There are 2 protein chains.
Amino acid sequence: MPKRYGQACPVAKSLELVGDRWTLLIVRDLLAGTRRFQDLAASQKGIAPNILSDRLKLMERHRLVTRAFYSEHPPRAQYTLTDRGRDLGWVVGALATWGTRHVFKRARLVHEDCGHEVTLGYHCRECGTRVRGASVGLRRVARPRAGARRAR
Amino acid sequence: MPKRYGQACPVAKSLELVGDRWTLLIVRDLLAGTRRFQDLAASQKGIAPNILSDRLKLMERHRLVTRAFYSEHPPRAQYTLTDRGRDLGWVVGALATWGTRHVFKRARLVHEDCGHEVTLGYHCRECGTRVRGASVGLRRVARPRAGARRAR
């Protein structure tokens, strides 16, 4: 179980669920579709099988992935992102964007249709415009939303 | 020093620099402007001063923050994000967006001008359109970019 930060902040609360080592890299792999345990183990070089297993159990408990068995004897599991887990694609995308700009400059995030680089940005549906990061703030609301919304 | 993942991937490379506990929460605080060491310590409840000090030294080594002294006797430091560090605002924003949707539903990321909620999205400058996450891919490039670009 990850340590808590004890901060009433959506960034801190998110990191309590996804800030563990490996978690977002597993999400990255699963964004491409369902993966078997051994496929994840092969992709995440250097992770011990028991650590990967623990991490996936924690992700299942946090409702980021679902597990299904594709073989009963021997038992073999595969994993799929939930809507909640798939919504982490924006966090993975933001890390990929930053990484291609500042650390791993041999790659780009591109629009598959035209091959050109994409940028991340905020959009205000009310104003119908793009919004600079400096014009975005965090507001408390009286009535929390009931359910999760799809991000894409 | 954080452990390396050994993966040729911008997400993994980014997490090697910013995946440590507390780092992104310190970035969150510094996005609002320069902060003194004791302000950061007060905001990050539960962090031991030596851990905060170590983390800030590592962030300085990774060129995410710069340090300046506002008092010589006794020595007292304050910290400011570099452009490279400020560009992590997108990662913090993506975590905040996910957090307000799925974990901490008492807050929203809003457009300061109109007070309405903003969404994160990809934009293709070439096509002049918003791009769905499913239409974004990672491409290797022959010639890495020379310098960092400002994100906002």
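The values are calculated or read from the model by the stated rules, or taken from the named source; none is laboratory data. Everything numeric in this text was worked out from a predicted model, so none of it was measured. Neighbour counts run over all protein chains shown; Cβ positions are idealised from the backbone, glycine included. These accessible areas exclude ligands, DNA and RNA; they are computed on the full protein's heavy atoms, side chains included. Shrake-Rupley method; radii C 1.70, N 1.55, O 1.52, S 1.80 Å.
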Discussion item. Please go through the stretch A:21-39 and give me each residue that is in a loop (DSSP other than H, G, I, E, B), under 14 Å from the mean Cα position of the chain (by Cα) and more than 9 Å from chain B (Cβ to nearest Cβ), ordered by number.
Written reply: A:32, A:33
Discussion item. Return the pair list, or none, for Cβ contacts closer than 6 Å from residues in the stretch B:54-73 that are exposed (fewer than 12 other Cβ atoms within 10 Å of the Cβ) to residues that are not in a loop (DSSP other than H, G, I, E, B), at least 6 apart or on different chains.
Written reply: B:68/B:78; B:69/B:77; B:70/B:76; B:70/B:78
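Looking only at strands (runs of 3 or more DSSP E) that lie completely in the stretch A:60-152, which have at least 1 residues being at the interface with another protein chain (Cβ under 7 Å from one of its Cβ atoms) and in contact with an Asp or Glu (Cβ under 7 Å, 6 or more places away or on another chain)?
On the way: elements: A:65-71, A:76-81, A:107-111, A:118-124, A:129-131, A:136-140.
In the stretch A:60-152, A:107-111, A:136-140 are the strands (runs of 3 or more DSSP E) which contain 1 or more residues that are at the interface with another protein chain (Cβ under 7 Å from one of its Cβ atoms) and in contact with an Asp or Glu (Cβ under 7 Å, 6 or more places away or on another chain).
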Practice prompt. Taking residue A:118 as the residue in question, decide whether it is free of Cβ contacts under 8 Å to residues at least 24 places away in the same chain and on the phi < 0 side of the Ramachandran plot.
Written response: yes
Discussion item. Every residue in the stretch B:1-18 that is open to solvent by 30 Å² or more (accessible area, probe 1.4 Å), facing chain A (nearest Cβ under 8 Å) and either in contact with a Phe, Trp or Tyr (Cβ under 7 Å, 6 or more places away or on another chain) or of a type outside the set (A, V, I, L, M, F, W, C) (or both), please.
Written reply: B:3, B:6, B:13
Item to complete: Could you grab the pairs with beta carbons closer than 9 Å, sequence gap of 6+ or different chains, first residue in the stretch A:82-96 and over 19 Å from residue A:60 (Cα atoms) and open to solvent by less than 10 Å² (accessible area, probe 1.4 Å), second one hydroxyl-bearing (Ser, Thr, Tyr) and outside any helix (DSSP H, G or I)?
Response: A:93/B:122
Discussion item. Against the condition open to solvent by 30 Å² or more (accessible area, probe 1.4 Å) and either part of a loop (DSSP other than H, G, I, E, B) or closer than 18 Å to residue A:20 by Cβ (or both), how does residue B:42 come out, does it pass?
Written reply: no
